[in-house]
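Below is one structure; the comments refer to it alone.
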Amino acid sequence: MNRIVECVPNISNGTHPEIYNTVAKACEKIPGVKLLDVDPGRATNRTVITFAGAPEVIVDAAFEVIKLAKEMIDMRGHTGEHARMGACDVCPFVPVSGVTLEDCAELARKLGKRVAEELGVWAYLYEAAASKPEWKSLTNVRMGEYEGLEARMGKPEWKPDFGDFTKFDPKFGAVAIGSRKFLV
């Protein structure tokens, strides 16, 4: 049986095709990953990107998307109708075939650690990957949205799962990385 994981990062740009299409295609740098959909929203100023691949390569593809979002998107002037807290707002892993929700949670932890270490971005784990019960809900993780992130510094209850809590990246914001079932 093929082991397949879907990844659905949501980036905070839905108005500039040259940005959201470039960021979306970053996943294809990784052999074995297939870009499935790019769904921008003008009013939300957000794009939902969907790609799939084996668990062994999906984290690298997600990292490439987040890295390019960090380079191309500046949250300091971002507006839109959807809740958000970062240039790549959320990045969930979804089990498709031959993998479990817990397998995907482990992928989320691996990506969160890498994003924090290599990009200097705060990463929060949510849903099945959550490190504490209140963070199972993405709404709770996003509380205060982008505008409230800097005020979290020094408050132990808001310390991210990964990242230097003494340094905030105002250009990027923060990312929620998780493991969840398909949304219907």
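For this structure, a couple of remarks:
- Local electrostatic count, L68, Cβ distance below 14 Å [Lys/Arg +1, Asp/Glu -1]: -2
- All aspartates and glutamates inside 19 Å of K110 as judged from Cα atoms, apart from same-chain residues fewer than 8 positions distant: E6, E56, D60, E64, D89, E102, E118, E127, D161, D164
- Here's how it looks for I177: its modeled amide H is under 5 Å from those of C91, Y124, L125, Y126, which are all 5 or more places away or on a different chain.
- Ordering 102-113, 142-153 by mean Cβ neighbour count within 10 Å, with the highest value first, yields 102-113, 142-153.
- For the listed residue pairs K25/K136; K29/K159; K34/K67, the alpha carbons are over 25 angstrom apart in K25/K136; K29/K159.
- Check: the stretch 1-135 dipole with +1 on Lys, Arg Cβ and -1 on Asp, Glu Cβ, in debye: 180
- Heavy-atom accessible surface of the chain, averaged per residue, reaches 45 Å², computed with a 1.4 Å probe.
- Among beta bridges that DSSP assigns inside the chain, antiparallel share in %, nearest 5: 65
- Report summary: the helix-based calculation at 222 nm, which adds -39500 (n - 2.57) for every DSSP H run with n ≥ 4 and divides by the residues of the chain, gives -8500 deg cm²/dmol.
- Near-label residues of the stretch 85-124 by backbone N, under 14 Å of a point 7 Å along Cα→Cβ of K171: 87-88, 119-121
- Relative contact order, whole percent, for the chain stands at 25, derived from Cα pairs under 8 Å and 6 or more residues apart.
- The fraction of accessible area contributed by carbon and sulfur in the chain is 54 percent, rounded to a whole number (1.4 Å probe; ligands and nucleic acids excluded).
- Couplings 3J(HN,Hα) for the stretch 95-112, derived from phi with the Karplus relation 6.51 cos²θ - 1.76 cosθ + 1.60 (θ = phi - 60°), are x, 10, 8, x, 9, 9, 4, 5, 4, 5, 5, 5, 4, 4, 5, 4, 5, x Hz, where x marks Gly and Pro.
- Here the peptides 155-167, 17-29 are ranked by packing, the mean other Cβ count within 10 Å, and the order with the highest first is 17-29, 155-167.
- Vicinal HN-Hα couplings computed from phi for the stretch 114-124 (Karplus, 6.51 cos²θ - 1.76 cosθ + 1.60; Hz; Gly/Pro x): 5, 4, 5, 5, 8, 10, x, 10, 6, 10, 10
The values are calculated or read from the model by the stated rules, or taken from the named source; none is laboratory data. Keep in mind the model is a prediction, meaning the values are calculated, not measured. Please note: Cβ atoms are built from the backbone with ideal geometry, for glycine as well, and neighbour counts cover all protein chains shown. Please note that ligands, DNA and RNA were not included when accessible areas were found on the heavy atoms of the full protein model with its side chains. Shrake-Rupley method; radii C 1.70, N 1.55, O 1.52, S 1.80 Å.
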